[in-house]
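Q: One structure coming up, written as structure tokens, with questions to follow.
The values are calculated or read from the model by the stated rules, or taken from the named source; none is laboratory data. Note that the structure is a prediction, hence the values are computed from the model and not measured. Here Cβ is always computed from backbone atoms with ideal geometry, including for glycine, and neighbour counts include all displayed protein chains.
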Amino acid sequence: MRVTFTVNGERMTADDVWPGESLLYVLRERLGLPGSKNACEQGECGSCTVYLDGVTVCSCMVAAGQCEGREVGTVEGLADDHSEGSERRLCAVQEAFAEAGAVQCGFCTPGLLVQADDLISRTAGAGRGVPEDPEIREALAGNLCRCTGYEKIIDAVRTAARREHEQVGQEAP
Amino acid sequence: MEFLSPATWEEALAAKSAHPDAVPIMGGTDVMVELNFDQHRPSALLDLTRVAELAEWGPDGSRVRLGAGVSYTTIIQRLGKHAPALAQAARTVASPQIRNRGTVGGNLGGASPAGDSHPPLLAADAVIELASVHGVRHVAAREFYLGPRRTARRDDELIAAVLLPERAGPQHFCKIGTRNAMVIAVASFCVTLDAATRTAGTGIGSAGPTPLRAVAAEEFLTAEFDWQGAGPLSEAAVRHFGELVASAARPIDDVRGSADYRKHALSVMARRALSWSVTDYRKGEAQCA
């Protein structure tokens, strides 16, 4: 079957999709977007987290056909400008992850970035202030990392949220 | 394999009638695991995410009608007042990503004895609305679960909604597992105190071939509790309630826990959930509910 949907603002079509195929598989194997990682294929690890119509989901648990006409956002879309030739500016969460050393092997990173980006946009980005640690931990509870012990990841999310909060504060009238 | 994508409820019922073997898929959090691991290869997937009314909820006479496709995230955000135990159970489901997709309808369709929705639905005496091209019928949650992953739903039927009686008292849900997030329950328990009917309800999860009620525990509590004066329950009564709940369970030993552990955990959870509920009741929550 053919599936057409918007990925990171761009309309994309995948052909010959098997009806039981996951969104993750289509992104990685048919649309050339390998940022979302394939690990557990059962929603346990969060490394395939993407936005689907504005909420975060495990893309391994979405049938590709369910995405027809919908909007998907992947880790590739987090950076501000990903057009060719442009100076790729990382988003706040990506910057903070790099600074804090929140990345080791990197396999869980794409899912954590999308999930953290969602948390920050719903909290600091929405004028709700910097989330406390329990809220950060709960938001990231479905993203497994086997390298870092999570401390650096939490540090990075806290830093990114604080910056977002300050920026939102400056933008406010 | 076919991918059926009805845009309306009528189309969905027609599709299910024409393809009784089709597996309905909403959030996909169970169905896709089976497909990804090639455990199950259905003749067709019936995608229900485009049927808008499945994701709706609202008052329905004296009850709350919860569309089968309402996500756990929405239940947590919006139904805490109407269905506190179900909202508590929803909070314990997996992770935010899964709660954004998973639905009570899917939990009922899969009918795993470990499903987190089941104990609150049993305890609150919820009703499942089933529909087919031949019409709509209502089945009490207490009569819905027939065996491991077997329910009263017929092959040509889809789960339309859950009808939750208006809450008239405290409700509490407990679940035990190895961590707070991302766990399938080792055992779970729910208790409700209904001041209007002066009855207690219970639900047990992950400790039997189906979700279960602890009927003897309900009868004991219904008779023992001071519904009028809201006097405290004796320690002995609370303990006895826990024992009755544990003895209603029919658990097995498996990778998540032993049968003995499950029974013990249930007796502890039952005591705690009851104590919290009695405290709420005594605070007068029953009157303002």
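Q: Go through (1) at pLDDT 95 or above; (2) not in a helix (DSSP H, G or I) one by one and return the number of the condition B:GLY229 breaks.
A: Status for B:GLY229: all satisfied but (1).
Q: For region B:47-75, give me each residue that is among the aliphatic types (A, V, I, L, M) and without any contact (Cβ under 8 Å) to a residue 60 or more places away in the chain.
A: As a first pass, look at region B:47-75 and keep what is among the aliphatic types (A, V, I, L, M): B:48, B:51-52, B:54-55, B:64, B:66, B:68, B:70, B:75.
Those that are among the aliphatic types (A, V, I, L, M) and without any contact (Cβ under 8 Å) to a residue 60 or more places away in the chain: B:VAL51, B:ALA52, B:ALA55, B:VAL70, B:ILE75.
Q: Sticking with this structure for a sec: Could you tell me which residue of region A:19-35 is surrounded by the fewest Cβ atoms within 10 Å (Cβ to Cβ), considering only residues that are away from chain B (no Cβ under 12 Å) and in contact with a strand residue (DSSP E or B) (Cβ under 6 Å, 6 or more places away or on another chain)?
A: Step one: filter region A:19-35 for residues away from chain B (no Cβ under 12 Å), giving A:26-35.
Add one more test, that the residue is in contact with a strand residue (DSSP E or B) (Cβ under 6 Å, 6 or more places away or on another chain), and what stays is A:26, A:30-31.
Details: A:VAL26: 25, A:ARG30: 17, A:LEU31: 20.
For region A:19-35, the residue satisfying everything is A:ARG30.
Q: Also, quick follow-up: Given the criteria in contact with an Asp or Glu (Cβ under 8 Å, 6 or more places away or on another chain) and more than 12 Å from chain A (Cβ to nearest Cβ), does B:TRP9 qualify? Give the steps one after another, and end with the answer.
A: On the way: in contact with an Asp or Glu (Cβ under 8 Å, 6 or more places away or on another chain): yes; more than 12 Å from chain A (Cβ to nearest Cβ): yes.
Answer is yes for this residue.
Q: Within region A:69-85, is there a residue that is within 13 Å of chain B (Cβ to nearest Cβ) and either of a type outside the set (Gly, Ala, Ser) or touching a residue at least 12 places away in the same chain (Cβ under 8 Å) (or both)?
A: Scanning region A:69-85, I find at least one residue that is within 13 Å of chain B (Cβ to nearest Cβ) and either of a type outside the set (Gly, Ala, Ser) or touching a residue at least 12 places away in the same chain (Cβ under 8 Å) (or both), so the answer is yes.
Q: Just the residues that are surrounded by fewer than 24 Cβ atoms within 10 Å (Cβ to Cβ) and either of a type outside the set (Gly, Ala, Ser) or modelled with pLDDT under 95 (or both), please, taken from region B:198-211.
A: Quick first cut of region B:198-211, residues surrounded by fewer than 24 Cβ atoms within 10 Å (Cβ to Cβ) only: B:198-199, B:208-210.
Answer for region B:198-211, where residues must be surrounded by fewer than 24 Cβ atoms within 10 Å (Cβ to Cβ) and either of a type outside the set (Gly, Ala, Ser) or modelled with pLDDT under 95 (or both): B:ARG198, B:THR199, B:PRO209, B:THR210.
Q: Ok, one more. Give the residues of region B:29-55 that are in a helix (DSSP H, G or I), of a type in the set (Asp, Glu) and either facing another protein chain (nearest Cβ under 9 Å) or within 20 Å of B:ALA111 (Cα to Cα) (or both), sorted by residue number.
A: Of the residues in region B:29-55, the ones in a helix (DSSP H, G or I) are B:31-36, B:52-55.
Adding the requirement that they be of a type in the set (Asp, Glu) leaves B:34, B:53.
The one that is in a helix (DSSP H, G or I), of a type in the set (Asp, Glu) and either facing another protein chain (nearest Cβ under 9 Å) or within 20 Å of B:ALA111 (Cα to Cα) (or both): B:GLU34.
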